[in-house]
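This report concerns only the one structure given below.
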Amino acid sequence: MKATRVRTALLAVCTLSTGFGAAEQRVSHNDYARAEALLSHNLGDKVKNENPEARWFGTQDKFWYRRDGGLGLEYVVVSATTGLKRVAFDHQRLADAIGSSIETEISAGALQVTEINSADGALTAKVKAAGTSFSCNLSRYDCVKEASDPPQFAVLPSPDGTWLAFTRENNIWLKHTETNEERQLTTDGGPYFSYGGFPDQDRLDAMRSGQEYPSPPANSYWSPDGRWLVVERLDEREVEDYPFLESCPANGSIRPQVISVRIPLLGDKGQRRTETFIFDVETGEQRALQPPHGFSLDFFGSGNSPIAWSSDAHHPYPIGATEGAKTIRLFDVDMGSGAVRTIIEETEKTSVILGHNLRSGPCVRFLGDSNELIWFSERDGWGHLYLYDLDSGRVKNRITTGDWTVCEIIRVDAEDRRIFFTAGGREPGSDPYYRKLYRASLDGGTITLLTPEEADHHIGGSSGNPSGRLGSQAVTPSLSPSGDFFVESYSTPNSEPRFVLRSSEDGRIISHLETADATALYATGWRAPVRFSVTSADGVTDLRGAIYFPPDFDAGGSYPVIDAIYGGQVSIVAPRTFRQAYTSGYQRASLAELGFVVISLDGRGTPCRSKAFREVGFGSFADPQLDDHVAAIKQLAQRYPALDTNRVGVYGHSNGGYLAARALLKNPDFFNVGVASAGPQNFHGLPGTGTPWMGIPRYADGSSERPDGAAIPQNYQILDNTKFAAGLKGQLLLICGDMDNTAFPALTLQLADALIKVNKDFDLLYLPNQTHMYFVQQPYVMRRIWDYFVKHLLGATPPDNYEIKPYG
């Protein structure tokens, strides 16, 4: 093994050529086998006790968690007040008890405990073993087999379990759980005009398989008291069909099939339209909500986070936005009258966001008993929290301030008037992407840092709202019921997670519970990346990223560089935690194993920083981000002279596939080799979901509606990669899946057409029967990416037809 690794390193440091007379260099089957061992799906189980999750016992400051023991899963109970921990039960004794009851031998490590409860000093547990569920008394070690009810995937039960809401033939119905009485609430639903319906775009896979799976009503929600049912009606009647060509039909037909789903493209006259209805279950009365003109109502926020309700369950508080999210409002809806009142309004020239990341739910919390609201805003240039009065809509207090950004609200204790939240970049010199936990008063005052370690701190959150929640994710809370303690894990890309119990008063560590064991991970040959800081192309802004080095990296050698890129305002890509460092669809460690230096960078225009940092990505976001990547690689080459800036590659998927192609087209003298996977190579050929960071389309006639089929919005033309096809000099591989309903294959083929028209050489990998997820599901694609960089950037010959084992 050691000799082979040295051989790979020597191969990497040689200046190779594939020209006439050059000695042929090869990358071996064994080299690829080592790289395969570092693929994420092969590393997922290599770290023990990476992130144990604490679960509190009701109102007690006591919790239990699951750990990886020497013989399998183990369960531990901890007293938060003392920090003392003990094994929850005798694992072998419980396994024997369960085994005896079903006459099957059960190993202690095979027990899967889903729930442990504590009452009157006695523990009970829900346990799964041998495919059966048991309810066990952990004092007497007796277990009773539980009856399993079949899951009801197609219904939405009311909070008290009295009613089941479901859809039938595009209408909404109710069924009484005791009498089985069915009641039809609507009668005017029809094709593409459905109550609780899903967008037709989401039905592509079902249409291919010929099997529709029943689902609960979409975008529907019960009031806490079960009296009101809120349902969204989706209208796609005017939306045009979008065809997908299934060349290799899943049903085995030799005749290709055209599958059409209704997808509204940017600028289409026919767009999806929604309308929200309130149903009074007691009276059967139906009422349509009428938001102000130009606003859509979102009762769920990003990630289907539940809406907040007033304590009397009579007023929900949805969020509404105008096109492009230029204005966002918080509304108060009177369920009795249907009246909609504006409480808070935010407006920006670009777009308004309600959290540090567009993929996270709104960073907003409702305090029912005090009739207050905590609201996230970037109004001063940074993401901060403000306390509002719900009746007047006025700011009562500013909770946080400074040149740093709040990330998540973890918990609000309304009675004690305090809030727990994570934030990045508050302390001078700290990494702005490392989340740390803080405590603050709702009424102002000193902010207390509770997790000082320079690392990313993973802390589960709960809303702490007595009568509802807004923008809260369904996660296990880290804070104890009393709020006096919390559990968390923290790590960096090159330091294993530590799981600790702390005081929420001063952050003092009460007990070191677990330290992750990465012995098996390192045994695979995996090497942790190095997190770095560079200056952006503007010469001022601090940027962060991570760099992966090849095995036996020689500072005096010469190594090609690969940029694993994503970009855009949606996500960051550089790992900030230990787990992110070794589990990633980008598979950076595998490419480093083959002799490349691999980097990931979060340039300007990406989220989780200041408003100004993010807004660099508004409109023509691509080129400033690529400028930052070029600047970063040049600075890293000064820091590590072994990096060869004459051999630079780039690859990415989805938005990263767009930027990878653009890097080759617009920076051809810097980027030599690129792999562009599932890239939306022009954004005007997509639905208008990107308008919050690209802007509302504006056509030559000044309208936002496309005048003809060929028109491109003036403000989107700069984003069109086909316009720069003539700039290609290096080697470019385009990849797309023919069933990709996220970044349509037509967009990749339109770039291919543009390259053909200007007589440019390029490569195309067209994947039959593949959706947008092929990048993390298809080992064949990963092997072809390896081959492409080995051949064109390393200047070597890859092994013939190496086969990566199926993922899973």
**OP:** Of the numbered conditions (1) in a loop (DSSP other than H, G, I, E, B); (2) in contact with a strand residue (DSSP E or B) (Cβ under 7 Å, 6 or more places away or on another chain), Asp369 fails exactly one; give the number of that condition.
**Re:** (2)
**OP:** With respect to Thr82, determine if the residue is within 34 Å of the chain's Cα centre (by Cα) and among the hydroxyl-bearing types (Ser, Thr, Tyr).
**Re:** no
Original post:
Does Gly690 meet the test of being outside any loop (DSSP other than H, G, I, E, B), closer than 17 Å to Ile735 by Cα and not basic (Lys, Arg)?
Top reply: no
Subject >> Output for the range 121-170, where each listed residue is closer than 30 Å to Phe198 by Cβ, of a type outside the set (Val, Ile, Thr) and not in a loop (DSSP other than H, G, I, E, B) >> reply: Leu156, Pro157, Trp163, Leu164, Ala165, Phe166, Arg168
Subject >> Hits in the range 326-336 - residues which are touching a residue at least 24 places away in the same chain (Cβ under 8 Å) and surrounded by fewer than 19 Cβ atoms within 10 Å (Cβ to Cβ) >> reply: Thr327, Asp332
Subject >> Scan of the range 202-222 for residues that are open to solvent by 80 Å² or more (accessible area, probe 1.4 Å) and part of a helix (DSSP H, G or I), ordered by number >> reply: Asp202, Asp205
Original post:
Within the range 728-745, how many residues turn out to be farther than 23 Å from Val790 by Cβ and surrounded by fewer than 17 Cβ atoms within 10 Å (Cβ to Cβ)?
Top reply: 1
Original post:
If the Cβ limit is 6 Å and pairs must be 6+ apart or interchain, which residue in the range 548-560 that is more than 13 Å from Val598 (Cα to Cα) pairs with which residue that is of a type in the set (Lys, Arg) and open to solvent by 10 Å² or more (accessible area, probe 1.4 Å)?
Top reply: Asp552/Arg5
**OP:** Could you tell me which numbered condition Ile98 fails, if it satisfies all but one of (1) outside any helix (DSSP H, G or I); (2) crowded, with 18+ Cβ neighbours inside 10 Å?
**Re:** (1)
Subject >> Among the candidates Asp416, Asp431, Asp389, Asp380, residue that is of a type outside the set (Gly, Ala, Ser), more than 24 Å from the chain's Cα centre (by Cα) and farther than 23 Å from Thr327 by Cα >> reply: Asp416
**OP:** Name the residue, out of Phe244, Phe300, Phe277, Phe295, that is open to solvent by less than 70 Å² (accessible area, probe 1.4 Å), at pLDDT 95 or above and not aliphatic (A, V, I, L, M).
**Re:** Phe244
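Matching residues to (1) modelled with pLDDT under 95; (2) assigned to a helix (DSSP H, G or I):
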site: Pro668; (1), (2): no, no
site: Ala676; (1), (2): no, no
site: Ala710; (1), (2): yes, no
site: Leu734; (1), (2): no, no
site: Ala752; (1), (2): no, yes
Original post:
Any idea how many residues of the range 612-631 are over 23 Å from Ala661 (Cβ atoms) and open to solvent by less than 30 Å² (accessible area, probe 1.4 Å)?
Top reply: 2
Subject >> Residues that are free of Cβ contacts under 8 Å to residues at least 60 places away in the same chain and either under 13 Å from Leu265 (Cα atoms) or open to solvent by 30 Å² or more (accessible area, probe 1.4 Å) (or both), drawn from the range 649-689 >> reply: Asn667, Thr689
Original post:
Of all residues in the range 345-384, which are among the acidic types (Asp, Glu) and closer than 12 Å to Lys611 by Cα?
Top reply: Glu348, Glu378, Asp380
Original post:
Considering only residues of the range 247-274 that are open to solvent by less than 50 Å² (accessible area, probe 1.4 Å) and assigned to a strand (DSSP E or B), which is nearest to Ala321 (Cα to Cα)?
Top reply: Arg262
Original post:
Out of all the residues in the range 576-587, which are closer than 16 Å to Val530 by Cβ and either open to solvent by less than 10 Å² (accessible area, probe 1.4 Å) or part of a loop (DSSP other than H, G, I, E, B) (or both)?
Top reply: Arg576, Thr577, Phe578, Ala581, Tyr582, Ser584
Original post:
Among the residues of the range 225-241 satisfying the criterion of being surrounded by fewer than 19 Cβ atoms within 10 Å (Cβ to Cβ) and of a type outside the set (Asp, Glu), which is farthest from Gln290 (Cα to Cα)?
Top reply: Gly226
Subject >> Checking Trp173 against (1) within 22 Å of Arg55 (Cα to Cα); (2) open to solvent by 30 Å² or more (accessible area, probe 1.4 Å); (3) part of a strand (DSSP E or B), the condition it does not meet >> reply: (1)
Subject >> All positions within the range 527-571 that are among the charged types (D, E, K, R) and either open to solvent by less than 10 Å² (accessible area, probe 1.4 Å) or touching a helix residue (DSSP H, G or I) at 6+ places or on another chain (Cβ under 8 Å) (or both) >> reply: Arg527, Asp552, Asp554, Asp563
Original post:
Of all the residues that make up the range 588-611, how many are in contact with a His (Cβ under 8 Å, 6 or more places away or on another chain) and either open to solvent by 10 Å² or more (accessible area, probe 1.4 Å) or within 21 Å of Ile547 (Cβ to Cβ) (or both)?
Top reply: 3
Subject >> Sole exception among (1) at pLDDT below 95; (2) surrounded by 14 or more Cβ atoms within 10 Å (Cβ to Cβ); (3) of a type outside the set (Asp, Glu) for Gly121, by number >> reply: (2)
**OP:** Name every residue in the range 754-770 that is assigned to a loop (DSSP other than H, G, I, E, B) and crowded, with 21+ Cβ neighbours inside 10 Å, in order of residue number.
**Re:** Gln770
Subject >> Thr722 vs. criteria open to solvent by 10 Å² or more (accessible area, probe 1.4 Å), touching a residue at least 40 places away in the same chain (Cβ under 8 Å) and assigned to a helix (DSSP H, G or I) >> reply: yes
Subject >> Boolean, Thr186 is surrounded by 18 or more Cβ atoms within 10 Å (Cβ to Cβ), assigned to a strand (DSSP E or B) and of a type in the set (Val, Ile, Thr) >> reply: no
Subject >> Unmet requirement for Glu705, which otherwise passes all of (1) assigned to a loop (DSSP other than H, G, I, E, B); (2) in contact with a Lys or Arg (Cβ under 8 Å, 6 or more places away or on another chain); (3) open to solvent by less than 10 Å² (accessible area, probe 1.4 Å) >> reply: (3)
Original post:
Quick one: how many residues across the range 34-90 are closer than 19 Å to Ser511 by Cβ and open to solvent by less than 60 Å² (accessible area, probe 1.4 Å)?
Top reply: 23
Original post:
If you scan the range 124-135, which residues turn out to be within 12 Å of Phe57 (Cα to Cα) and open to solvent by 40 Å² or more (accessible area, probe 1.4 Å)?
Top reply: Thr124
Original post:
Among the residues of the range 384-403, is any modelled with pLDDT of 95 or more, out of contact with any Lys or Arg (no Cβ under 7 Å at 6 or more places or on another chain), open to solvent by 40 Å² or more (accessible area, probe 1.4 Å) and not charged (D, E, K, R)?
Top reply: yes
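The values are calculated or read from the model by the stated rules, or taken from the named source; none is laboratory data. What you see is a predicted model, and the numbers here were worked out from it, not measured in a lab. With ideal geometry, Cβ positions are generated from the backbone for all residues, glycine too; neighbour counts draw on all protein chains shown. These accessible areas exclude ligands, DNA and RNA; they are computed on the full protein's heavy atoms, side chains included. Shrake-Rupley method; radii C 1.70, N 1.55, O 1.52, S 1.80 Å.
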